[in-house]
Every structure is written in C-alpha cells, then in structure tokens.
Amino acid sequence: MMKIYSILHSLLIFLLLTEFFAFQASALMVRKSIEELTSQADSILIGKVKKIESQWNEEKTLIYTDVTISVKQHTKTLSDVGEVQEIIVKVPGGEVGDIGLKVSDSPQFREGEEVFLFLKMEKLPLFSVAGLFQGKYTIEENRVKNRILGLEVPLDSFISQIKGILEKAKRSQ
C-alpha cells in the first residue's frame, strides 16, 4: 500500500511540475524596443482598418485573417515600391464559420480602427506585423496606444521618435 502511495505521490508531483513549467514556457516573448521594431520593419504607417476577412490556408490546417488597411500616412516606405494607398496585413488566427483559431501573440484588429503599424513585407500588397502584437498600435484622440504593452504616448512625439531613429540609422550607414 505504501509503495502505491509513493508512486502516486511522485506521479502527482511530476505532473504538477511539468504543467507549471510548460505554462511558463509558452507565455514567454521577448519585448522589442521601438528601435528594434523600426529597424526590423520594412514599412511603418498610419492607416484605417477597412475590411477583415478570415479564411483557411490551402491545406485547411490553419486559419488566417486578411486585414485590409487604407493607408493615410507613411513614416517608413519600401524604397523600391514607394507609398501605396492600400495594403493587406495577414494575421494568424480568425474565425471561419463555426470554427475559430486564436493565436495569443497575434495583433487584434477592428473594422474602422485607426492604427499605427510596423510591417514586414511578405509579397506586395501582403504584409505581416513586425513583432506581432508589439508592432500594432491603436490611435485614439491623437495618442498611440498598445494596451498589451501598457504604452500610451502622443502621436506626434511617437512619429518624431521613429523619424529620429530612421535618421540616426541612415547617418550610420
């Protein structure tokens, strides 16, 4: 009887420890600075969410959401493309019919939302958000906000900061 109790006790401790460490490992993400996001982004812009559409990938194993953004202002443009008026941001996750997929680090968008985005080019006009949720800010009342990061700053000073980073990078090349 004592041997069964010892085995069950060891098994319970093992399960508790593996569950604790597995949960901790899945919640880790390295926070990126504005400098890192700026250098990693192919394009930085302000826009308005025009349309949101989710669909399956070709293999029907993942759901992606295409977010159509009407571009209002470019802070960093693709040198070989210039300023575009509309882009599509591809985000992992979404809902198709009765089936939904939520990816914890993916940015969330709402139709009509004004956004400030750090983007990586996939294939024009398709982009992804650099740094996942860290590269997407909502603009409200002339302030950029990222609620997950707990950041909120005036839009003008945020743009000035990014332009300063871009100028510094240009001078050091």
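As a quick test, which of the pairs Lys50/Lys76; Lys32/Lys168; Lys145/Lys170 have an alpha carbon distance above 25 angstrom in this structure? Table pairs above 25 Å Cα-Cα are Lys145/Lys170.
Here the contact order of the stretch 18-173, divided by its residue count and restricted to Cα pairs under 8 Å and six or more residues apart, works out to 22 percent.
Taken over the Cα atoms of the stretch 76-118, the convex hull encloses 120 Å³ per residue.
Backbone phi angles across the stretch 31-36, fed through the Karplus curve with coefficients 6.51, -1.76 and 1.60 (θ = phi - 60°), yield HN-Hα couplings of 6, 9, 7, 4, 4, 5 Hz in residue order; Gly and Pro are listed as x.
Here the Debye sum runs over all C-alpha atoms of the stretch 90-171 as equal scatterers in vacuum, and log10 of I(q)/I(0) at q = 0.11, 0.12, 0.22 Å⁻¹ comes out as -0.37, -0.43, -1.18. Applying the criteria of a DSSP loop state and at most 14 other Cβ atoms within 10 Å to the trypsin sites (Lys or Arg not before Pro) of the stretch 105-139 yields Arg110.
In the stretch 34-171, inverting the average of 1/r over every pair of distinct C-alpha atoms gives 15.4 Å as the Kirkwood radius.
Throughout, read-outs are computed from the coordinates displayed, never taken from laboratory work. This is a predicted model, so every value here is computed, not measured. Glycine also receives a Cβ, built like all others from the backbone with ideal geometry; neighbour counts cover every protein chain displayed.
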